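The values are calculated or read from the model by the stated rules, or taken from the named source; none is laboratory data. Keep in mind that what you see is a predicted model, and the values were worked out from it rather than measured. Positions of Cβ are backbone-derived with ideal geometry, glycine not excepted, and every protein chain shown enters the neighbour counts.
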Amino acid sequence: MKMQEKASASHEEIIEMLRNKSPLSTLTEHWFLLDEAWKEVEGLPQPMQFAKGLTYILERASVPVAEHDLFLGRFIDKVPDDEEEKRYKEIWSREEHLKPHHNPIVMHNHTHITLDWKSILRHGLSGYISKSEAKLKELRDAGADEKELIFIESMLIAYRACSTYISRYSEAAKEAGQDELAEICGEVALGAPSTFREALQLFLLILNIDYLYAGNLNPTICYGRLDEMLLPLYEADLAAGRLTREDAGYLIDDFNCKACLTLGRGEHQMADPRQGGNITGFDRNNAYDDPTYIVIGGYTAKGKPSSPLTKLFLERIQPRYENPLYVYRWTKEDPEDVFELLCDKLRQNSSILVYNDETVIPAMLNAGIAKEDALEYTMHGCNWPDVPSYSTCISVGGPIPKMIMAILLDGSSLRRNYGSIDEIYEAVGDHFRASVRERFAAYRARYRSDPQPPSEYLSITECFTEGVIEKARNIFDGGVRYPVVYTLIRNIGTAADIMAALDEVAFTKKICTLEQLAKALEDDFASAPELRTQCLKAAKFGTDNNAVDKHAVRLMNTLLDIVDQESVNEKGEKDVISFNVTITDMLHIQEGATLCATPDGRRCGAPLSENLSPTVGNVESVTALLNSVSKLPFDRISSGALNVRLRKDAVKGDEGLVRMCALLSAYLEKGGLQLQLSVADTAELRQAQEHPEDYKDLMVRITGYSAVFVDMSRNSQEEFIRRDELSV
Amino acid sequence: MSTVFNIQRFSIHDGPGIRTTVFLKGCPLRCLWCHNPESAIPSSELGYHANRCAGCGLCVKACKAGARSVKDGKILHDASLCKECYACVDACPTGAAELYGKELSPEEAAEIALKDKRYYDKSGGGVTFSGGEPLLYPEFVCRTSEILRRSGVHTAVETSLFASKDIVTAVASCVDLFMVDIKTMDEELHVKATGHSNGRILENIRLLSELGAEVLVRVPVVPGFSDGSDNIRKTADFLIENTRFRTVELLAMHKLATHKYEALGRDYPAKDIPLPDDETMRTLGNILKEKGFTVKCAVSES
């Protein structure tokens, strides 16, 4: 088979998978191997449990080869038979399964990270093996702590296991008569890749290893900046006549196919089966219901914002694929043809998240990331920021509406009779500062103490994170250059609405006193419906109205000023790295469910605004929405998501493409942070609910991942439909 | 000042590029298929959207004139008692009571429209005055357009051209584009469909050609009125003989405005008129093309 035929066969396989894979299918082999491995390694120190458990798995995991594979690396997922289902459920039912850390069944993997693909590319597994051997010798010579020796020795075992797994693929390919693939896998089982194809093959198998080992935490891995990293190999291949642009395209096609194939059917908003919900969903699919990110575009150390590979990767994005998620890093210097191609892909409803380099890089610098690392930023699912040699395990902040209500009400009565909106801002700030101070103190105790105690914990993530071998510490114990606090600035839309309504109703127009308002909130406006009308009529975020947008900006700056102030220690040195993020995932529903009525007229229990979006129902036009959002101080925010849903006719035809380009470039030039688009009409979504069998290809963007609309639970579907449909 | 009933941002059907459409209230014609019935009379008026109404009765409580009452969970409005204070609109929490029409100055309208200037610049868009009939407010249109054009914003009017020559001439000097309808060439049908003769309209199209104005001619395709081959041939011949305009946009009639008629408590005169099919649109388009016209079509890509 020629490359084109193989890529085409892979595509057919994906379409078949998207349409017909059973929601009941799962990675039985994965679960059973994890379970067996744990039994094998019981009683060992955790790093050794990990290394030997991984070895057990990688010596036994299936290494399937299909005739049309351009790359090897696929999982065996299937609908379990009765026996398997029984065993699968037994594993899931064990109490220890629910423990978040040191999980004995699925062990543990941090995941949610961009691995150090640059080093993987440069050194190959043999490089990691020699580096860890040398470190082990150095530690032994220095009479290091036993725990440090175990830590590094375990890493060494893990690298060898990875190499074994890739060698097994090479042998399997040879047996299947796929000599070229056998040779490629043979090369990268130890050595550094020397061609574009070898690099992608090695990356894919390392990612598979991560996914195979990952259990209760989602293996949401980012491949990093593939266009930037692979450019030298690509150009060398072209120059040597080993590869054509067209064939490189087919390779990318198959690489994308493999990422899409990895996902199971369903998405994690589905109900929890243990609580009587669907039989599909997060629990059943969590080993593989996770987006794989690929980052393209953006500034590089050489300054160039786009390469021939950026365009090639962009060209090969398949709108119907649920995975991978492409993160496109936009810069104001992007070539026009590349930008137009991006917009064309977006309007085809592709899984692309657009980020703005002009704001993210300054935000990274502001956080304390060195320029060379800030330029290399990536995102991993779902919309979390990432830089080389980074980790995080501390977070602070949360839903801003809850912070406001916490200072406003004491139980059901007014906490304090604030005299002005300024006093309310001050109180919100004080409330936030207290939690920031406490969390930053915990951060300092953990990351800024010297020396860090030896690590007693190791996962696959450590094996491929820059700095871990050198420091012989895991990513939470000082093994990385940038231990990061996530400062969560959530639900800004509803928060701004609350402040605007408070300002207008209680202070500017003096429609009621704060005490009257508090009473109305207590009984969900039952005793004061007229007051609720006034609250609802106050300006709302998303309408390009400065009366409320100024509150969104002020709220963010108030909180971010506190983060900046508290990041500086007593000596005046900035010693806390905070990534300020605005993502909510689907928590806006849960958080709203436990929040009383709010001064913006929102009823008790109603959802809050999601991500950077306004509260549902408040959007009048897409331009007003983009204008409102782009006023926010994004040069201080590392990541966030703006979900925009457009009707098909808004982006149809040549004029539609012009409109798409205009919308996106104007928004980003105005300082917008991010945009993820779903092109889906409400009528179409309703049809899909009625006739799911006809809409198996309908993809929608949720928060930092895509989902097949008809695979979502009814509640999630309704939530998505409620999001404003923008057009005319 | 002018009565504006809507300023719609990100308009994509009212001229080139991304536009803001300023809808002005009041129209001398009464087209049977009008999809902006709230634009017909120049003064403000009240609409009631039953589908948005929570039946809370706050509007009844707010109405001091006793014009509103609740019956079987439904809000009733007695227009004869209404003092047009619109307290009901202020009291309504859901937008079920809506006020159509608000006095706006050219400066205020321009300020809103300029918020999207960047989108116009990038998409070749701008601002469109529509209605209703914008030529009922020539001073407002010209003054607003002047402010916008000073900022480099392209402006257009969507008009029936049922206006005096002087007004057409004046507006032609202050906007960049006219979008005009030829609803039907048949005089009798035109009177039946709109309440007025098409004579003045056709004269004004001729005038615009003489004045050198940029014009996009549109034909609303309405079964029984303008969907005949003969009518489209006559339209083409008229344009060839009298004007330099060689682009025609065919607009398929739609019934998206049904809910507006309900909100206003009026009958929808076109409710029994069927929608034109794609085949008709294609046929009409082909006739125009054969006569040398560039054809734009809102439904089928003929």
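The residues of region B:1-13 that are within 14 Å of chain A (Cβ to nearest Cβ) and of a type in the set (A, V, I, L, M, F, W, C), listed by number, are B:I7, B:F10, B:I12.
Do you know which residues across region A:75-104 are modelled with pLDDT of 75 or more, part of a loop (DSSP other than H, G, I, E, B) and loosely packed, with under 15 Cβ neighbours inside 10 Å? Passing the criteria: A:I76, A:V79, A:D81. Selection over region A:406-424 of residues that are touching a helix residue (DSSP H, G or I) at 6+ places or on another chain (Cβ under 8 Å) and either part of a strand (DSSP E or B) or surrounded by fewer than 22 Cβ atoms within 10 Å (Cβ to Cβ) (or both) gives a count of 12.
I'm checking my understanding of the structure. Among residues of region A:122-152 that are among the charged types (D, E, K, R), out of contact with any Lys or Arg (no Cβ under 9 Å at 6 or more places or on another chain) and in contact (Cβ under 8 Å) with a residue 60 or more places away in the chain, which one is surrounded by the most Cβ atoms within 10 Å (Cβ to Cβ)? Of everything passing the filter in region A:122-152, A:K135 is surrounded by the most Cβ atoms within 10 Å (Cβ to Cβ).
Being at positive phi, in a loop (DSSP other than H, G, I, E, B), within 14 Å of chain A (Cβ to nearest Cβ) and at pLDDT 90 or above: is that true of B:G55 here? Break it down into steps so the answer makes sense when it comes.
Details: at positive phi: yes; in a loop (DSSP other than H, G, I, E, B): yes; within 14 Å of chain A (Cβ to nearest Cβ): yes; at pLDDT 90 or above: no.
Considered against the rule, which asks whether it is at positive phi, in a loop (DSSP other than H, G, I, E, B), within 14 Å of chain A (Cβ to nearest Cβ) and at pLDDT 90 or above, B:G55 comes out as no.
Within this structure, B:V299 passes the test of being modelled with pLDDT under 85, of a type outside the set (S, T, N, Q) and not in a helix (DSSP H, G or I). Checked against (1) crowded, with 19+ Cβ neighbours inside 10 Å; (2) in contact with a strand residue (DSSP E or B) (Cβ under 8 Å, 6 or more places away or on another chain); (3) modelled with pLDDT under 90; (4) not assigned by TED's automatic domain parsing to the domain that holds B:F140, B:W33 passes all but condition (4).
For region A:512-535, a tally of residues being buried (at least 19 other Cβ atoms within 10 Å of the Cβ), within 14 Å of chain B (Cβ to nearest Cβ) and either at pLDDT below 95 or in a helix (DSSP H, G or I) (or both) returns 6. Among the residues of region A:672-723, the one identified as within 14 Å of chain B (Cβ to nearest Cβ), assigned to a loop (DSSP other than H, G, I, E, B) and surrounded by fewer than 21 Cβ atoms within 10 Å (Cβ to Cβ) is A:D681.
If the condition is being at the interface with chain B (Cβ under 10 Å from one of its Cβ atoms), more than 23 Å from A:L560 (Cα to Cα) and surrounded by 23 or more Cβ atoms within 10 Å (Cβ to Cβ), then region A:625-649 contributes only A:L646. Of all residues in region B:240-268, those satisfying the criterion of being closer than 19 Å to B:M281 by Cα and of a type outside the set (D, E, K, R) are B:T247, B:V248, B:L250, B:L251, B:A252, B:M253, B:H254, B:L256. Looking only at region A:653-671, residues that are more than 9 Å from chain B (Cβ to nearest Cβ) and not in a helix (DSSP H, G or I) come to 1 in all. Every condition in (1) more than 14 Å from chain A (Cβ to nearest Cβ); (2) closer than 30 Å to A:S621 by Cβ; (3) in a strand (DSSP E or B) holds for B:P28 except the one numbered (3). Could you say whether any residue in region A:445-460 is within 30 Å of A:F151 (Cβ to Cβ), part of a loop (DSSP other than H, G, I, E, B), modelled with pLDDT of 95 or more and not aliphatic (A, V, I, L, M)? Checked region A:445-460: no residue is within 30 Å of A:F151 (Cβ to Cβ), part of a loop (DSSP other than H, G, I, E, B), modelled with pLDDT of 95 or more and not aliphatic (A, V, I, L, M). Evaluating A:G617 against the criteria (1) surrounded by fewer than 24 Cβ atoms within 10 Å (Cβ to Cβ); (2) of a type outside the set (D, E, K, R); (3) within 14 Å of chain B (Cβ to nearest Cβ); (4) within 25 Å of A:N557 (Cβ to Cβ) leaves one unmet condition, (4).
Between residues in region A:490-507 that are without any contact (Cβ under 8 Å) to a residue 12 or more places away in the chain and surrounded by fewer than 24 Cβ atoms within 10 Å (Cβ to Cβ) and residues that are assigned to a helix (DSSP H, G or I) and of a type in the set (K, R), which pairs lie under 8 Å by C-beta distance while being six or more apart or on different chains? Taking only residues 6 or more apart or on different chains, not a single pair turns up.
When region A:543-581 is examined, which residues are found to be part of a loop (DSSP other than H, G, I, E, B) and touching a helix residue (DSSP H, G or I) at 6+ places or on another chain (Cβ under 9 Å)?
Listed by number, the residues that qualify are A:T543, A:D544, A:N545, A:S567, A:N569, A:D575, A:V576.
In the set A:D337, A:D357, only one residue is in contact (Cβ under 8 Å) with a residue 40 or more places away in the chain and among the acidic types (D, E); that residue is A:D357. Go through region B:211-225 and give me each residue that's out of contact with any helix residue (DSSP H, G or I) (no Cβ under 6 Å at 6 or more places or on another chain) and assigned to a loop (DSSP other than H, G, I, E, B). Of everything in region B:211-225, those that are out of contact with any helix residue (DSSP H, G or I) (no Cβ under 6 Å at 6 or more places or on another chain) and assigned to a loop (DSSP other than H, G, I, E, B) turn out to be B:G212, B:E214, B:V222, B:P223, B:G224.
Residues that are of a type in the set (A, V, I, L, M, F, W, C) and buried (at least 23 other Cβ atoms within 10 Å of the Cβ) within region A:546-561 comprise A:V548, A:A552, A:L555, A:M556, A:L559, listed in sequence order. Looking only at residues in region B:60-90 that are at positive phi and among the small types (G, A, S), the one that is farthest from the other protein chains (Cβ to nearest Cβ) is B:G66.
Scanning region A:337-345 for any residue that is buried (at least 18 other Cβ atoms within 10 Å of the Cβ), assigned to a strand (DSSP E or B) and modelled with pLDDT of 95 or more turns up nothing.
Is there a residue in region B:91-106 that is farther than 27 Å from A:N618 by Cα, assigned to a loop (DSSP other than H, G, I, E, B), within 14 Å of chain A (Cβ to nearest Cβ) and of a type outside the set (A, V, I, L, M)? No: zero hits.
Scan region A:302-335 residue by residue and report those that are in a loop (DSSP other than H, G, I, E, B) and closer than 22 Å to A:G671 by Cβ.
Filtering region A:302-335 down to residues in a loop (DSSP other than H, G, I, E, B) leaves A:302-307, A:316-324, A:331-335.
Of everything in region A:302-335, those that are in a loop (DSSP other than H, G, I, E, B) and closer than 22 Å to A:G671 by Cβ turn out to be A:G303, A:P305, A:S306, A:T331, A:K332, A:E333, A:D334, A:P335.
The single condition among (1) modelled with pLDDT of 95 or more; (2) within 14 Å of chain B (Cβ to nearest Cβ) that A:S567 does not satisfy is (2). A single member of B:P16, B:P42 is assigned to a loop (DSSP other than H, G, I, E, B) and within 14 Å of chain A (Cβ to nearest Cβ), and it is B:P16. Can you find even one residue in region A:647-670 that is touching a helix residue (DSSP H, G or I) at 6+ places or on another chain (Cβ under 6 Å) and either assigned by TED's automatic domain parsing to the domain that holds A:T543 or under 26 Å from A:K21 (Cβ atoms) (or both)? No - not one qualifying residue is present in region A:647-670. Residues that are within 14 Å of another protein chain (Cβ to nearest Cβ) and crowded, with 21+ Cβ neighbours inside 10 Å within region B:119-149 comprise B:Y119, B:Y120, B:S123, B:G125, B:G126, B:V127, B:T128, B:S130, listed in sequence order.
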